[in-house]
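The values are calculated or read from the model by the stated rules, or taken from the named source; none is laboratory data. Computed from a prediction, not measured in an experiment: that's the story for all the values here. Backbone-built Cβ (ideal geometry, glycine too); neighbour counts: all protein chains shown.
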Amino acid sequence: MEFFLISLLNGVSYGLLLFMLASGLTLIFSMMGVLNFAHASFYMIGAYFAYQVSTWVGFWPALVIAPLLVGVLGALVEKYGLRRVHKWGHVPELLFTFGLSYIVVELVQIVWGRAAVPYQVPAELQGPLFTLFTTSFPKYRGFMMLVAVLMLVAIWLMLTRTRIGLVIQASLTHPETVEALGHNVPRVFMLTFAGGTALAGLAGVIGGNAFVTEPSMAALVGSIIFVVTVVGGMGSLAGAFIASLLIGVMQSFAIAVDYSGIKLAQDIGFTVTPATPLYSLFQLSVSQVAPVLPYLLLVLILIFRPKGLMGTREG
């Protein structure tokens, strides 16, 4: 029971961090139809901005300031870069964001170097939140979960209960009508892109000190974000939430399980020796193949349900 509950809590906390990352990408795609390949780079910038700001004024101001700075940067990217290539179609957009991701990595290395920076969890959030049986659950993981849930509620309320949310959604499907009503549609799209990148920046603030803040952090999470987005369904915020939790829990349990093909064969009455064909595959444990499982899920989803779990829009 202890193993199950702790693995479940770890999986949910990791899944909620994935959702914080995927929500911004999903929001941008669902509202603008833009698949932002540089999204993970904004996550990385958020972590570095938070580190820099926290060295000056502390973690709590950085929690607010860093996402805002990333949002401003996202607005500039949309206005002076993405907007200019948008008229040429999706391929130039993809190429633009793809190239931007490499530029960001190089700039980060120039400013902060190639080594990891000492971005630490604040003292107030260090230590155990509670102890379950014999295992302690960290305060900071609980804080991550709280921020992710509050962010989900805030996005949902904004999109469904506020005027600006209705204008954003209408701008995607009926831009001419929205513009005729006096709204500046390009500005709406700029604010949408800025909001999506700010969400990635917030994930960077939270995830940067929970893991490691270094130049390769964007590459480490970049692919998994797209897995979450595709599995959940392109453009579906609810789908991204479900897929994030599913992948987080799946990986958490897989990493914690030390069970190999050799043990499975022994349990069902077979003996596996070095002379057995494919012996190296039998030696693999579930924890060793855990990183591959999300991509296996992605392949299965694309085969049997191409639109994802809750897909509402095709790319």
For this session: List every residue pair whose Cβ atoms sit under 6 Å apart, with the two residues 6 or more apart in sequence or on different chains, where the first one lies in region 258-275 and is surrounded by 12 or more Cβ atoms within 10 Å (Cβ to Cβ) and the second, anywhere, is among the β-branched types (Val, Ile, Thr) and part of a helix (DSSP H, G or I).
Result: Tyr259/Val286; Val272/Ile262
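The rows are residues; the columns are (1) under 20 Å from the mean Cα position of the chain (by Cα); (2) free of Cβ contacts under 8 Å to residues at least 24 places away in the same chain.
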site: Trp56; (1), (2): no, yes
site: Phe59; (1), (2): no, no
site: Leu73; (1), (2): yes, no
site: Leu95; (1), (2): no, yes
Problem set entry | Hits in region 220-233 (condition: surrounded by fewer than 24 Cβ atoms within 10 Å (Cβ to Cβ) and in contact with a Gly (Cβ under 7 Å, 6 or more places away or on another chain)) | Val230
For this session: Out of Ala75, Ala66, Ala38, Ala62, report the one residue that is of a type in the set (A, V, I, L, M) and more than 27 Å from Arg114 (Cβ to Cβ).
Result: Ala75
Exercise. Could you say which residue among Glu93, Glu106 is surrounded by 18 or more Cβ atoms within 10 Å (Cβ to Cβ) and out of contact with any Phe, Trp or Tyr (no Cβ under 8 Å at 6 or more places or on another chain)?
Worked result: Glu93
For this session: Could you please give the count of residues in region 186-206 that are touching a helix residue (DSSP H, G or I) at 6+ places or on another chain (Cβ under 8 Å) and surrounded by fewer than 18 Cβ atoms within 10 Å (Cβ to Cβ)?
Result: 1
Exercise. Looking at Tyr119, Tyr102, which is the one that is among the hydroxyl-bearing types (Ser, Thr, Tyr) and either under 30 Å from Ile6 (Cβ atoms) or touching a residue at least 60 places away in the same chain (Cβ under 8 Å) (or both)?
Worked result: Tyr119
Exercise. Got a number for residues in region 96-136 being not polar (S, T, N, Q) and not in a helix (DSSP H, G or I)?
Worked result: 15
Problem set entry | Residues (buried (at least 24 other Cβ atoms within 10 Å of the Cβ) and either under 12 Å from the mean Cα position of the chain (by Cα) or modelled with pLDDT under 90 (or both)) located in region 207-219 | Gly207, Ala218
For this session: Pick out the one residue from Trp88, Trp60 that is outside any helix (DSSP H, G or I), surrounded by fewer than 18 Cβ atoms within 10 Å (Cβ to Cβ) and out of contact with any Phe, Trp or Tyr (no Cβ under 7 Å at 6 or more places or on another chain).
Result: Trp88
